[in-house]
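J.: Questions regarding the structure given below will be posed in turn.
The values are calculated or read from the model by the stated rules, or taken from the named source; none is laboratory data. Quick caveat: nothing in here was measured; it's all calculated off a predicted structure. Backbone-built Cβ (ideal geometry, glycine too); neighbour counts: all protein chains shown.
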Amino acid sequence: MEQKRAILIAGPTASGKSAVAIELARQHNGVIINADSMQVYQVLRIITACPDDKDMKAVPHELYRTVSPAIRYSVGAWLADVAAILETTFAAGKTPVFVGGTGLYFKALTEGLAEIPDIPADINQAWRARGEAEGFESLHTLLSERDSNAAARIKPGDGQRIVRALAVLEATGRTLDSWHQEKPSPPLLPLAECDAQYLLPDRAVLYARIEKRLEQMIEEGALAEIEALMALELDPTLPAMKALGVPRFISMLRGDLDQEDAMALAKTDTRQYAKRQLTWCRNQMTAWQQHEI
């Protein structure tokens, strides 16, 4: 591996990224930095496939289980946290090793982030309340009328992104696309300074690993984590409440699904998510080294 300023390891869920990152961190005096939008949250270690305590002690890990699930953590917040970690990592003479499956995090890290102004909390809250009262599918119809490009990208049931698009439009008078087309902020780590690797497992093997891992998560206590999350009585539109498997198993624990159906649906959701990750890779990560494994 050519020595670069940082190492980036990406890939679909269940592709074995964490094990690769640990090995590379050992070889390159590295610090592993989380680039997975769900592994930042407390409470959900097992169901989000966070590294366990043994792995966390093997090499330094940053930005794992550091954020309350009650917080709407954003890519902008992640970049701010990463900037501070990079400063101390480079000062210590260590190599940052980013690992995760959230393509937007890597895009912001290596290309910069459009600097959309902060949206007033009351505007965000008003749109969330309207969505809860009228249904987010209704808001999606409204978004189609006001910002057809955003509506085409966002699923009718994705309340968080629908609210974001409508709130930005109301607060700034501009669509998300118009903001994203502006010159972004400088990247923290331009891609040319990184050894960027994308893991591409065989599709059949990946799906088998997804199914086996979900079953292991239940055996290891994932349901207890979800019960702890439910006890917090959080807004169901929060990102942590939408982690893979969480909505299905919440429905099971409330008696709306039996375990067999909940498991089958969670496996389907995870396979579909892996497909979306691979699509992002094909469209957005063409300059990365892609490794079939």
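J.: Out of the residues in the range 200-230 meeting the condition of being at pLDDT below 95, out of contact with any Leu (no Cβ under 9 Å at 6 or more places or on another chain) and not in a helix (DSSP H, G or I), tell me which one is surrounded by the fewest Cβ atoms within 10 Å (Cβ to Cβ).
T.: Ranking the candidates gives 202 first.
J.: Also: Please tell me if residue 235 is assigned to a loop (DSSP other than H, G, I, E, B), charged (D, E, K, R) and either touching an Asp or Glu at 6+ places or on another chain (Cβ under 8 Å) or at pLDDT below 95 (or both).
T.: Against the criterion (assigned to a loop (DSSP other than H, G, I, E, B), charged (D, E, K, R) and either touching an Asp or Glu at 6+ places or on another chain (Cβ under 8 Å) or at pLDDT below 95 (or both)), residue 235 qualifies.
J.: Something else about it: Could you give me the residue pairs with C-beta distances under 8 Å whose first residue belongs to the range 85-96 and is in the same structural domain as residue 22 (by TED's automatic domain parsing) and β-branched (Val, Ile, Thr), whose second residue is buried (at least 16 other Cβ atoms within 10 Å of the Cβ) and part of a helix (DSSP H, G or I) wherever it lies, and which are 6+ apart or on separate chains?
T.: Going by the 8 Å Cβ cut-off, the qualifying pairs are 95/25; 95/89.
J.: Among the residues of the range 150-198, which ones are loosely packed, with under 14 Cβ neighbours inside 10 Å, of a type in the set (D, E, K, R) and under 19 Å from the mean Cα position of the chain (by Cα)?
T.: Answer for the range 150-198, where residues must be loosely packed, with under 14 Cβ neighbours inside 10 Å, of a type in the set (D, E, K, R) and under 19 Å from the mean Cα position of the chain (by Cα): 153, 155.
J.: Based on this model, can you work out whether residue 150 counts as of a type in the set (A, V, I, L, M) and assigned to a loop (DSSP other than H, G, I, E, B)?
T.: So residue 150 fails the test.
J.: Let me ask something additional. Could we say that residue 65 is in a loop (DSSP other than H, G, I, E, B) and modelled with pLDDT of 95 or more here?
T.: yes
J.: Tell me yes or no: at least one residue of the range 12-35 is in a loop (DSSP other than H, G, I, E, B), basic (Lys, Arg), outside the structural domain of residue 244 (by TED's automatic domain parsing) and closer than 26 Å to residue 225 by Cβ.
T.: Looking for residues that are in a loop (DSSP other than H, G, I, E, B), basic (Lys, Arg), outside the structural domain of residue 244 (by TED's automatic domain parsing) and closer than 26 Å to residue 225 by Cβ, one finds none in the range 12-35, hence no.
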